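Working notes, structure below.
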Ligand SMILES: [Zn+2]
């Protein structure tokens with residue numbers, strides 16, 4: 001791969017072409033465990049967008065790599081992701097939270113994939129809300145992506161801007177306090193599932209609401225593992 005990129009730089013007659021952005025590997029910078037939640041901060045974390053990105057430039061310096069997006073759907077009680085439409089993948093900076101599926105079950109008596117997914121989205125949206133407030137930025141600048149693995153639940157929280165915008169790292173440094181604030185926000189709200197005060201953010205995709213994937217009590221239960 002590296003040789004191919006160097007060849008590419010020769011081919012376009014530009015030996016100064018900065019291939020480092022394309023070569024960058026994901027790199028775990030820090031790891032910490034808070035209660036039962038394993039966390040790590042990752043530079044150049046790979047995230048997917050199910051939205052095609054169209055970019056036509058002669059010599060693109062884009063850090064975005066074309067990839068297939070994934071569509072999530074719930075069928076026969078299982079969450080499936082399908083490679084269905086073109087999307088894009090890029091590297092940015094962010095942190096990852098991971099908990100054991102078995103332990104979460106003992107904490108919250110959560111048994112279905114929909115509930116696990118709702119817990120992950122609810123933690124993600126509450127963290128985005130707290131982070132945006134602390135940093136004084138629009139919540140759109142921070143994104144999250146849930147992963148349901150065989151034995152683990154994982155949540156990525158990352159800077160929306162390809163290459164990173166320096167938002168996630170200061171939050172990661174202070175993650176316990178951010179967890180506390182998000183947990184408080186979810187536990188003390190008086191709505192039934194979600195509202196503007198706890199979970200609802202600008203441009204929340206309608207499928208999250210249609211599929212009932214924002215539920216503050218499930219989010220709070222997951223954060224109780226901290
Ligand atoms: Zn609420």
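All of the numbers you see were taken from the coordinates with simple rules; none came from a lab. Note that the structure is predicted; figures quoted are calculated from it, not measured. Reconstructed Cβ throughout: ideal geometry from the backbone, glycine too, with neighbour counts over all protein chains shown.
Take the stretch 165-188 and flag every residue that is crowded, with 19+ Cβ neighbours inside 10 Å and either within 16 Å of the ligand (Cβ to nearest atom) or in a loop (DSSP other than H, G, I, E, B) (or both).
Correct list: 167, 182, 183, 185, 186.
Find the residue count for the stretch 207-219, including only residues that are more than 12 Å from the ligand (Cβ to nearest atom) and outside any loop (DSSP other than H, G, I, E, B). Steps first, please.
Taking the stretch 207-219 and keeping what is more than 12 Å from the ligand (Cβ to nearest atom), we get 207-213, 218.
Filter once more, keeping what is outside any loop (DSSP other than H, G, I, E, B): 207-210, 218.
Result for the stretch 207-219: 5.
Any chance you could count how many residues in the stretch 193-206 are more than 8 Å from the ligand (Cβ to nearest atom) and surrounded by fewer than 16 Cβ atoms within 10 Å (Cβ to Cβ)?
Here is the first cut: in the stretch 193-206, the residues more than 8 Å from the ligand (Cβ to nearest atom) are 201-206.
Imposing the further condition that a residue be surrounded by fewer than 16 Cβ atoms within 10 Å (Cβ to Cβ) reduces the set to 202-203, 205-206.
Number of matching residues: 4.
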